[in-house]
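Student: Here it is, the structure in full.
The values are calculated or read from the model by the stated rules, or taken from the named source; none is laboratory data. All values reported here derive from a predicted model rather than from experimental measurement. FYI the Cβ positions are ideal-geometry reconstructions off the backbone, even for glycines, and counts take in every protein chain you see.
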Amino acid sequence: MTKVLAVAKWEYMEKVKSKAFLIGLFLTPILMVGMGFLPMLFATQEDNATKAIGVIDETGEIVGAFAVRMQQRYTLPNGQPNYLVVPLASGKQMDLESEVLSANQKVAAGEIEGYCLFRSTVFSDTVIEYRSRVVGDFRVPARIEENLRDILAEKRSIALGLGPQILAQLKVKMDVAMVKLSKTGEQEEAGFERVFFSSYLFLMMLFFLIVTSGQLLVRSVIEEKSNRIVEVLVSSCSSTELMAGKVLGLSGLGLTQMGFWAIIGIAISSRFGTNFIDPSQAALLAVYFVLGYLFYAAVFIAAGSPLTTEQEAQQVTSYLVLILILPIVLALPAMKNPDASWLVILTFIPPLTPAMMALRVPIQMPSSWEIVATILLMIAATYLMMVVAGRVFRIAILSTGKTPKLSEITRWIRKG
């Protein structure tokens, strides 16, 4: 045990003093917050210039009211209208095909942002066309739809003998507030933003920690093999002690990162008077975090020990990173349907278990049997992976030259 601690101390002190670790210590929280909030911030950012939107109105009855509504309802921070509606053609007598070609050319030339096409069947159709070079701004079609719906509703109410004032009184604006309930029916203080942030924060922390620590572990082994330092180390301690020391040292490095980030999180929480993560769930998430970290540490050791070059290490670690990205991609679908069968199935796949449970716990606490089963599964998978990693590491650290084939590595594992 003394030798294991000596190796762990050496690994820890070498890595904690490196510039890469110190930069990552401060840069990682900035990246996590930036990747979470900047896309949302940019998506909700208002325009800073008036956009010209053309209208081809085959009915001849909509363009006037539509222009007034679009220009009065939406304004820029400087008070100017957000949209300038440009009537391009109106009335049933126009040549619709030629007008559409002309409007397309105006859009291509940048004279207008886009244009609406109101066909003569607009009063019975449920779909209208908005043509533009930019289709990523969802606010424009949403606002067009809102105003056109109001115009058509007014015309229909007038046809039924109801005035616009009565229609305005019938409209009720309502906001739906999401309130989370526990399995016992008790109300919990957790809205969408808090639940999403809790899951997202855990996933990103696990992702960055595994990727950075795993890469450090693989590079450390390759560097020691290439410099023949590993032969000196093995002469002083066994390969099992060396591997255990490396895992323990990098685990301490990970705990240092986690502690620093936790202090930042607590400071931000106290500053804004809110808890981003439910304290009752923190202990459970910590269990999955530790098990997931140890599991992937063993995976990186088993995958990285036989390698001999940095290029091979980058290729292998990039494949492992793809596995870690999958839960991040599934975050939103999981929030919409936390009891989906596919989500439960993915939860019982060891490489995905910690991340998938990180998604499910803040959204909707899984059943007790799932929690116990997944923890036992991760303990067994981590132990098995450590055994496999130990067998590969014992032989691979002293092998030089050509990288061994998969069949040869499999033989190492079987022989033990």
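Student: Cβ-Cβ under 8 Å, sequence separation 6+ or interchain: first residue in segment 127-141 and on the phi < 0 side of the Ramachandran plot and polar (S, T, N, Q), partner surrounded by 11 or more Cβ atoms within 10 Å (Cβ to Cβ) and part of a loop (DSSP other than H, G, I, E, B). Which pairs?
Tutor: 132/113
Student: Do we find that residue 362 is assigned by TED's automatic domain parsing to the domain that holds residue 214, touching a residue at least 40 places away in the same chain (Cβ under 8 Å) and closer than 16 Å to residue 205 by Cα in this structure?
Tutor: yes
Student: Sticking with this structure for a sec: On the given criteria, is residue 121 out of contact with any Asp or Glu (no Cβ under 8 Å at 6 or more places or on another chain) and either modelled with pLDDT under 75 or surrounded by 13 or more Cβ atoms within 10 Å (Cβ to Cβ) (or both)?
Tutor: No: the conditions fail for residue 121.
Student: Now a separate question. Filter segment 140-185 for residues that are among the β-branched types (Val, Ile, Thr) and at pLDDT below 70 and give the result.
Tutor: 172, 176, 179, 184
Student: Now, a different point. For segment 392-405, check the following and say yes or no: at least one residue is among the hydroxyl-bearing types (Ser, Thr, Tyr) and surrounded by 18 or more Cβ atoms within 10 Å (Cβ to Cβ).
Tutor: Within segment 392-405 (the criterion being among the hydroxyl-bearing types (Ser, Thr, Tyr) and surrounded by 18 or more Cβ atoms within 10 Å (Cβ to Cβ)), the answer is no, since none of the residues qualifies.
Student: Residue check: is residue 259 at pLDDT below 75, surrounded by fewer than 16 Cβ atoms within 10 Å (Cβ to Cβ) and out of contact with any His (no Cβ under 8 Å at 6 or more places or on another chain)?
Tutor: No: the conditions fail for residue 259.
Student: Might you check whether a residue that is more than 19 Å from residue 203 (Cβ to Cβ) and hydrophobic (A, V, I, L, M, F, W, C) occurs anywhere in segment 321-336?
Tutor: The answer is no, given that none of the residues of segment 321-336 is more than 19 Å from residue 203 (Cβ to Cβ) and hydrophobic (A, V, I, L, M, F, W, C).
Student: Among the numbered conditions (1) closer than 21 Å to residue 71 by Cα; (2) out of contact with any helix residue (DSSP H, G or I) (no Cβ under 8 Å at 6 or more places or on another chain), tell me where residue 124 comes up short.
Tutor: Only one criterion is unmet by residue 124, namely (1).
Student: Within the set of pairs 6 or more residues apart or between chains, which connect a residue that is closer than 17 Å to residue 351 by Cβ inside segment 319-339 to a residue that is basic (Lys, Arg) with Cβ atoms less than 9 Å apart?
Tutor: Sorted first by the residue in segment 319-339, then by its partner, the pairs are 334/360.
Student: Those residues that are outside any loop (DSSP other than H, G, I, E, B), over 19 Å from the mean Cα position of the chain (by Cα) and at pLDDT below 80, I need them from segment 316-353; list them, please.
Tutor: 316, 317
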